[in-house]
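Enquirer: My questions will all concern the structure given below.
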Amino acid sequence: MKRMILTVALSTWTALALWAQDTAEKAFTQLTWIDASPESEYSQARFGYDKSTFTVVRKRCEALPADHPCYDAENTMEYVLVGTYRNASMTSPVYILYTPGMSADPEFRIVEESGRTLLEEPADELCIHASGVIYTAGHTNKMINERRKYTYAAGRITETPQPYLYAGIKGKLLKPVKLYSERTGGTVVASLPVGYEVEVLLSENTDPLAEELPKHYLVRTAFGLVGWLRLTDDDTYHLDPVVRGLGFQGD
């Protein structure tokens, strides 16, 4: 039974990971896109780059020369050095690392030569432009396929703030729900039954490191009314969602 549940869970993760992929790749076709790792995996992340500022390596960290800044003899997290980024304004490169994770948790890290981590982000896609602008997309350890933007400059990586996160999830309700005029409080905009077609438009943008999962989403009805959906703790589980595609993809 446990094996069957694990198989179903991994199949669901794989399907949603593939669904999440191509978000950035389709948006930034001017970049070159590759698999982040040379090894075959059921949830392979994608990486995009500009050939003028990025050198592809794609080697596991234990296979690097011993004097390389990213060398790791043990490499228990199975990191791969995807390659090095360096633009004309930089005196030294930064390194893009990728790991498939211990339980299908793909993650990218950007580190300096000193080993200091500048960015650590679970993602199914990451791309870095020649200018230092970075985009990530993915559902891993998140409630939706999150799209985020960062900028590398002067040895730092900073995120561009967004008032909300785009969800763009369309589907039939698997549970009856109410939509409200306010995030908390307010009046009922609509009471919707199982099987009703909705679109989850936006998610509240909470701190990615917050312990509490985001539970408030702006949803559009088939008629075009928009209201706040409030999830319970049980609703956040990806195998028991309000609508398929809205649920925490992680351990």
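Enquirer: Expressed as a whole number of Å, what is the distance separating the alpha-carbon centroids of region 88-114 and region 154-170?
Expert: Using only Cα atoms to place each centre, the spacing works out to 19 Å.
Enquirer: Now a separate question. Grab the Cα-Cα distance for residue 205 and residue 22, subtract it from 0.36 nm times how many residues apart they are, and report the gain in nm with one decimal.
Expert: 63.7 nm
Enquirer: Ok, one more. Residue by residue through region 178-183, which ³J(HN,Hα) values in whole Hz follow from phi under the Karplus form 6.51 cos²θ - 1.76 cosθ + 1.60 (θ = phi - 60°), with glycine and proline marked x?
Expert: 10, 10, 10, 6, 10, 4
Enquirer: I want to check the label-to-label distance for residue 112 and residue 74. Put each point 7 Å from Cα in the C-beta direction and report it in nm to one decimal.
Expert: Output for this residue pair reads 2.5 nm.
Enquirer: Something else: For region 47-133, just say rounded, prolate or oblate: build the C-alpha gyration tensor, square-root its eigenvalues into a ≥ b ≥ c, call rounded for a/c under 1.5, and beyond that prolate if a/b exceeds b/c, oblate if not.
Expert: oblate
Enquirer: Show me the trypsin sites (Lys or Arg not before Pro) within region 159-232 that DSSP assigns to loop and that have at most 16 other Cβ atoms within 10 Å of their Cβ.
Expert: 183
Enquirer: Explain nothing, just the number: dipole magnitude of region 18-98 about its Cα centre with +1 on each Lys and Arg Cβ and -1 on each Asp and Glu Cβ, in debye rounded to the nearest 20.
Expert: Dipole about the Cα centre, nearest 20: 360 debye.
Enquirer: Further, regarding this structure: May I ask for the angle, rounded to the nearest 10°, between helix 2-20 and the longest principal axis of the chain, with both axes built from Cα atoms and the value confined to 0 to 90°?
Expert: So the inclination is approximately 80 degrees.
Enquirer: With unit charges on the beta carbon (Lys/Arg positive, Asp/Glu negative), name the residue among 208, 173, 138 whose Cα is farthest towards the positive pole of the charge dipole of the chain.
Expert: After comparing all options, I get 173.
Enquirer: Residues of region 196-231 with backbone nitrogen within less than 16 Å of a virtual label 7 Å along the Cα-to-Cβ line of residue 183, please, listed as ranges.
Expert: What the label zone holds, given the 16 Å backbone N cut-off, is 201-219, 227-231.
Enquirer: Quick one: which of 142/172; 149/170; 142/178; 142/215 span more than 18 angstrom between C-alpha atoms?
Expert: 142/172; 149/170; 142/178
Enquirer: Each residue of region 140-155 in turn: what ³J(HN,Hα) in whole Hz from Karplus with 6.51, -1.76, 1.60 and θ = phi - 60°, glycine and Pro shown as x?
Expert: Per residue, the Karplus-derived 3J(HN,Hα) values read 4, 6, 9, 7, 9, 6, 7, 10, 9, 10, 10, 9, 8, 7, 6, x Hz.
Enquirer: While we're on this one: So I have (i) 28, 20, 19; (ii) 46, 30, 12; (iii) 36, 21, 15, and one of them is semi-axes √(5λ) of the Cα gyration tensor in Å calculated from this model. Which one is it?
Expert: Checking each listed value against the structure points to (iii).
Enquirer: Further question: Per residue of region 236-245, in order, report the coupling 6.51 cos²θ - 1.76 cosθ + 1.60 (Karplus, θ = phi - 60°) as ³J(HN,Hα) in whole Hz, putting x for Gly and Pro.
Expert: Along region 236-245, the couplings run 6, 6, 5, 8, 9, x, 6, 9, 4, x Hz.
Throughout, read-outs are computed from the coordinates displayed, never taken from laboratory work. All of these numbers come straight from a predicted model, not from anything done at the bench. Heads up, the Cβs are rebuilt from the backbone with ideal geometry, glycines too, and the neighbour counts pull from every protein chain shown.
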